[in-house]
1. Residue under question is residue 62, and the condition is that it be touching a residue at least 24 places away in the same chain (Cβ under 8 Å), surrounded by 10 or more Cβ atoms within 10 Å (Cβ to Cβ) and under 30 Å from residue 48 (Cβ atoms); does it hold?
2. Any residue at all in the range 56-72 that is outside any helix (DSSP H, G or I), within 30 Å of residue 1 (Cβ to Cβ) and out of contact with any helix residue (DSSP H, G or I) (no Cβ under 7 Å at 6 or more places or on another chain)?
3. Name the single residue that is farthest from the chain's Cα centre (by Cα) among those in the range 92-111 being closer than 30 Å to residue 12 by Cβ and hydroxyl-bearing (Ser, Thr, Tyr).
4. Given the structure, is residue 43 assigned to a helix (DSSP H, G or I) and loosely packed, with under 12 Cβ neighbours inside 10 Å?
5. Being of a type in the set (S, T, N, Q) and either touching a Pro at 6+ places or on another chain (Cβ under 7 Å) or crowded, with 20+ Cβ neighbours inside 10 Å (or both) is the filter here; which residues of the range 1-24 pass it?
Amino acid sequence: MKLLVLILATWRLTSLFTQELGPFDVFERLRDWVGEQGHKNPVAREISRGLACFWCNSLWWATLLALLSLVAEPLPMLLLYALAASAGAILLEETRALTEDLLNARVATRLRKDN
């Protein structure tokens, strides 16, 4: 169970930092700011590349969350459960929307065939 929570929490944080705007566009602003710093500083340039890379970012978050879950209970687990629950809800909604789109496409195809 703990591994599933870590996986979902890692996915949620990775998605936030690499793909989402966030509240008040905070994650987009962070990516933009780090990208601007990358023109001045080679370390910031590498961090900027990492923020743009889902795979890189997921490794960073997985490592941090795994360490937190080992050394500090129960507060980190509360955070991990919240992130995992958010990730689960998002994945369920995306699955529902995809299923609805596929069903609508199938109905539209049948209607065209019938006409």
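Just so you know, all these numbers are worked out from the coordinates, no wet-lab data involved. Given the structure is predicted, the values throughout are model-derived calculations rather than measurements. Cβ placement follows ideal geometry from the backbone for every residue including glycine, while neighbour counts extend to all protein chains displayed.
1. The answer is yes for residue 62.
2. Scanning the range 56-72 turns up at least one residue that is outside any helix (DSSP H, G or I), within 30 Å of residue 1 (Cβ to Cβ) and out of contact with any helix residue (DSSP H, G or I) (no Cβ under 7 Å at 6 or more places or on another chain).
3. Ranking the qualifying residues of the range 92-111, first place goes to 99.
4. So residue 43 fits the description; yes.
5. 10, 14 - these are the residues of the range 1-24 that are of a type in the set (S, T, N, Q) and either touching a Pro at 6+ places or on another chain (Cβ under 7 Å) or crowded, with 20+ Cβ neighbours inside 10 Å (or both).
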